[in-house]
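Engineer: The structure follows.
The values are calculated or read from the model by the stated rules, or taken from the named source; none is laboratory data. Just so it is clear, the model here is predicted, and its values are computed rather than measured. Cβ sites come from the backbone with ideal geometry, for glycine too, and all protein chains shown count toward neighbours. Calculation scope for accessible area: heavy atoms of the full protein, side chains included, ligands and nucleic acids excluded. Shrake-Rupley method; radii C 1.70, N 1.55, O 1.52, S 1.80 Å.
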Amino acid sequence: MNWLLLRGLAREKAHWGEFGERLSRARPGDAVFMQDLPGTGELYRERSPSSVAEIRHWVQAATTHLPRPLGLIGMSLGGMVAIDWAFSRPADLAGVVLIGTSTALSRPWDRMKPANWFRVIRLLASGNQARREREILRLTSNRPVHEALEASWVAIQRQHPVSRANVMRQLYAAARFEAPSWCPDVPGLLLVSTADRLVDYRCTQQLALAWGWPQALHHSAGHDLVLDDPDWVVDQICGSLQPSYGPSRCQL
């Protein structure tokens, strides 16, 4: 089984932290891959597309070397890319895990809580990279922010600086993303925290209701579930594995 991990808005592979290693330990024999979205990480010099469909097409082309079917794990914007992939080419996928994502099935003020609208736009458009990363970390995590973690996120941004233009294009793509109300022909799992301060968790519940996918709710983590409680995320993935995902052989 090959897992492909897709991160969110203005984030890159390095922001997964130790999650990939934890998933590998839990699923010995599986392969875990990560792919930056265009405009982020090693691809920070690329121009980010302004639609989720274009981002998805780019990611598909960049991962043709990975044997299908894939297990997709997408967080936030990465989850939207995973959804679009599930509807466009379901035969590519063995299953999809969505973490804290949303679609136009939800109201705009649920997809990003109104109190954060101007704050997020101001932060993401800021030219002060260090300040931007510190504030994003505090907004998306509900755990105490340690200096070492803060420094590592600032270092990630300095190594692969995401341009303000690419941030705004990604934000525009996410805001416009729509998905059908019927279920894609792929097994899925929905993960979210009820304490998410950025996106209302009911966006995930609406997807669960519309598509009939199982969901699991965390009750204290922030929007960045894989940062706040990676073991819980791995546990939910392993506990929900169906035959389509491959034999459940998690070692937690």
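Engineer: Once you charge only the Cβ atoms, +1 for Lys and Arg and -1 for Asp and Glu, what is the size of the charge dipole of the chain about its Cα centre, to the nearest 20 debye?
Structural biologist: Dipole magnitude for the chain comes out near 640 debye.
Engineer: Next question. Identify which of TRP213, TRP153, TRP182 has the largest mean-square fluctuation in a Gaussian network model of the chain, with springs joining Cα atoms closer than 10 Å.
Structural biologist: TRP182
Engineer: Could you work out how far helix 202-211 tilts from the main Cα principal axis of the chain, as a 0 to 90 degree angle to the nearest 10?
Structural biologist: 30
Engineer: Shifting gears a bit: In what sequence, largest accessible area first, do ARG25, ARG11 appear using a 1.4 Å probe?
Structural biologist: ARG25, ARG11
Engineer: Still on this structure: Please report the relative contact order for the chain, taking Cα pairs under 8 Å with a sequence separation of at least 6, and give it as a percent rounded to a whole number.
Structural biologist: So the answer I get is 25 percent.
Engineer: From the Cα trace of the chain, what convex hull volume per residue do you get, rounded to a whole Å³?
Structural biologist: 111
Engineer: List the relative contact order of segment 170-231 as a percent without decimals, with contacts defined as Cα pairs under 8 Å and 6+ residues apart.
Structural biologist: This gives 36 percent for segment 170-231.
Engineer: For segment 1-63, give the magnitude of the charge dipole about the Cα centre (Cβ charges: +1 Lys/Arg, -1 Asp/Glu; no others), in debye to the nearest 20.
Structural biologist: 100
Engineer: How large is the accessible surface per residue of segment 72-191, computed with a 1.4 Å probe and reported in Å² as a whole number?
Structural biologist: Result: 43 Å² per residue.
Engineer: Run the dipole for segment 1-129 about the Cα centre, Lys and Arg Cβ at +1, Asp and Glu Cβ at -1, nothing else charged, and hand back the magnitude in debye, nearest 20.
Structural biologist: So the dipole magnitude of segment 1-129 works out to roughly 360 debye.
Engineer: Starting from a Cα-only point model with no solvent, please compute log10 I(q)/I(0) by Debye for segment 51-164 at q = 0.12, 0.15, 0.21 1/Å.
Structural biologist: The computed values of log10 I(q)/I(0) come out as -0.58, -0.87, -1.20.
Engineer: For segment 55-104, calculate the relative contact order in percent as a whole number, restricting contacts to Cα pairs under 8 Å that are 6 or more residues apart.
Structural biologist: Relative contact order for segment 55-104 comes out at 42 percent.
Engineer: Here's something else I'd like to know. Using a 1.4 Å probe on the protein chains only, how many percent of the accessible area of the chain belongs to carbon and sulfur?
Structural biologist: That fraction is 53 percent.
Engineer: Taking the dipole about the Cα centre of the chain, with the C-beta of Lys and Arg at +1 and of Asp and Glu at -1, give me whichever of SER220, PRO49, TRP3 is farthest to the positive side.
Structural biologist: Toward the positive end, the furthest listed residue is PRO49.
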